[in-house]
Amino acid sequence: MRGVIIPSGRLPDEKRTYTREQAEQVKSFAASHPYGLDIILLLELGLRRGELLGLRWEDVDLQQRVVSICRSVYLDHNRVCIGIPKTRTSIRMLPISEQFAGYLSPRAAEGYLLPNQKGEPFSPDNWDARRYRAFMDDLQAAFPELPTLNPHELRHTCGTLLYQQTHDIFAVSKFLGHADIAITSKIYVHEDVEGLRSSLGF
């Protein structure tokens, strides 16, 4: 029995997302919040937490409207490290909308997009405690009806809304930097029952 993995029998955790209307409501609130840039980047680009914290302004080309994802922040024995993203396909260039470029333009600076007080990247855990949770607490106080999602669920929201908009699983997979399109298909295609109904005419 060595090497045999016994199924736990536990149902997978429900993947929660914002609807398109909820996501727009969150982004509208974030636009004037001190930590709103963090949230808007997650919803617009569908980044992993380490990719978000590794973003530098030199990775943002506002003229061409593209963002390069080429590094990631992670913890190694409680030490903040900067390295390449999770997989080869995680290194990618993402197009951004004219509206999002307009939001970023007046904020453009040097260094990291989300630096700590020393101008260095946040530890993922410190960022979560000091910025992300603070934003979500303020959002919950302003809009109690909105669910409080974690950072990965904002990435999942981005992927879900992109797939609903395009029904192009290849484009969504590339945008999110998945190592295998089967991962993207497993996560998004089987959830889109209404899209399937429309395609089949049922």
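Observations on the model:
- Hits in the range 60-70 (condition: more than 18 Å from Gly159 (Cβ to Cβ), in a strand (DSSP E or B) and either open to solvent by 70 Å² or more (accessible area, probe 1.4 Å) or of a type in the set (A, V, I, L, M) (or both)): Val60, Val66
- When restricted to residues that are outside any helix (DSSP H, G or I) and open to solvent by less than 20 Å² (accessible area, probe 1.4 Å), the range 41-59 contains 4.
- When residues of the range 150-187 are limited to those that are buried (at least 21 other Cβ atoms within 10 Å of the Cβ) and of a type in the set (A, V, I, L, M), the one modelled with the highest pLDDT: Leu154
- Annotation note: Cβ proximity below 6 Å between a residue of the range 61-86 that is without any contact (Cβ under 8 Å) to a residue 60 or more places away in the chain and under 19 Å from Glu110 (Cβ atoms) and a residue that is in a loop (DSSP other than H, G, I, E, B) and charged (D, E, K, R) (sequence gap 6+ or interchain) occurs for Ile82/Arg71.
- If the condition is being open to solvent by 80 Å² or more (accessible area, probe 1.4 Å), part of a helix (DSSP H, G or I) and farther than 17 Å from Pro144 by Cβ, then the range 14-40 contributes Arg20, Glu24.
- Candidate set from the range 82-122 (those that are part of a loop (DSSP other than H, G, I, E, B) and of a type in the set (D, E, K, R)); member that is farthest from Glu24 (Cα to Cα): Lys118
- Whether a residue is over 13 Å from the mean Cα position of the chain (by Cα), open to solvent by less than 10 Å² (accessible area, probe 1.4 Å) and more than 20 Å from Thr160 (Cα to Cα) was assessed, and Val73 passes this test.
- Taking the range 153-178 as the range and being among the hydrophobic types (A, V, I, L, M, F, W, C) and under 16 Å from the mean Cα position of the chain (by Cα) as the test, the residues that pass are Leu154, Cys158, Leu161, Leu162, Ala171, Val172, Phe175, Leu176.
- Scanning the range 135-149 for residues that are open to solvent by 30 Å² or more (accessible area, probe 1.4 Å), touching a residue at least 12 places away in the same chain (Cβ under 8 Å) and part of a helix (DSSP H, G or I) yields a count of 2.
The values are calculated or read from the model by the stated rules, or taken from the named source; none is laboratory data. What you are looking at is a predicted structure, and each value in this text was computed from that prediction instead of being measured. All Cβ positions, even for glycine, are placed from backbone atoms using ideal geometry, and neighbour counts span all protein chains on display. Only protein heavy atoms, including side chains, enter the accessible area calculation; ligands, DNA and RNA are left aside. Shrake-Rupley method; radii C 1.70, N 1.55, O 1.52, S 1.80 Å.
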